[in-house]
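Please read the structure below before turning to the comments.
Every number in this text was worked out from the coordinates using simple rules, so none of it is lab data. The shown structure was predicted, so the numbers you read here are calculated from the model rather than taken from an experiment. Neighbour counts run over all protein chains shown; Cβ positions are idealised from the backbone, glycine included.
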């Protein structure tokens, strides 16, 4: 496990995720799931921790197939204990080969800590046959900020990347992905807790992104954007 992932095996982080409930998920996830849940029979959760995304899904529908991927052995052990009917895989989603697709591929609180976020999003799109849902952090930067020396969170022993994206660049990246019918983005100001960031990057926006796969036609994917000014 790479050094910047080791925070996920800290005892405090494992306990926090094991006790997470449906109300602890982001407003953007609840907003998007309210619209798309009738179309979801199978789910892949990237960075599933203890599998608690299942609790949020259960507030919308009773039955669904669930597969979770997580880096941490302790998180995966908790997930298997809590949800014995689901499938959990220990490993890095960037390194795994899955030969199946899912109605929804989700990642909660992952992209803001993953410097290879573009590669991970591309993998999630490939694993999806209908929807991709994840969240990012946006800020007043002209280039993406993914530098562990300049922006980080977590403990001093196991610091995490705190990735802040430049919205124009990120929008262009999303628009460039093939096979995308529509993209919805909903965000709100969310001052980061326990994060060390450079001065002058302005307010941090927590933004949920919902991608729907399909034929976009000649003009590219349709965007629906609800964001505060950055």
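What the table below lists for this structure:
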{"read-out": "Value of relative contact order over segment 63-126, rounded to a whole percent, pairs C-alpha under 8 Å and six or more apart", "value": "29"}
{"read-out": "Segment 3-226: relative contact order in percent, alpha carbon pairs under 8 Å with at least 6 residues between", "value": "18"}
{"read-out": "Segment residue 34-residue 149, length gained on full extension (0.36 nm per residue, minus Cα span)", "value": "37.5 nm"}
{"read-out": "Of all DSSP beta bridges in the chain, antiparallel share, percent nearest 5", "value": "50"}
{"read-out": "Least to most buried among 134, 26 (fewest other Cβ within 10 Å first)", "value": "26, 134"}
{"read-out": "Computed lengthening from residue 224 to residue 22, 0.36 nm per intervening residue step minus Cα-Cα distance", "value": "70.2 nm"}
{"read-out": "Computed over the chain, Cα set: Rg, Dmax in Å", "value": "16.9, 50"}
{"read-out": "Hydrodynamic radius of segment 125-230 per Kirkwood, over alpha carbon pairs, in Å", "value": "14.9"}
{"read-out": "Gain on full stretching of the segment that runs from residue 61 to residue 9 - 0.36 nm per residue minus C-alpha separation", "value": "15.6 nm"}
{"read-out": "Packing-based exposure ordering (other Cβ within 10 Å, fewest first) of 99, 135", "value": "99, 135"}
{"read-out": "Simple spin-label estimate for residue 215 and residue 126 in nanometres, 7 Å along Cα-Cβ", "value": "2.5"}
{"read-out": "Gap separating the Cα centres of segment 3-53 and segment 69-99, nearest whole Å", "value": "12"}
{"read-out": "Packing-based exposure ordering (other Cβ within 10 Å, fewest first) of 111, 1, 124", "value": "1, 124, 111"}
{"read-out": "Bridge type composition, segment 99-230 - antiparallel percent by DSSP, nearest 5", "value": "65"}
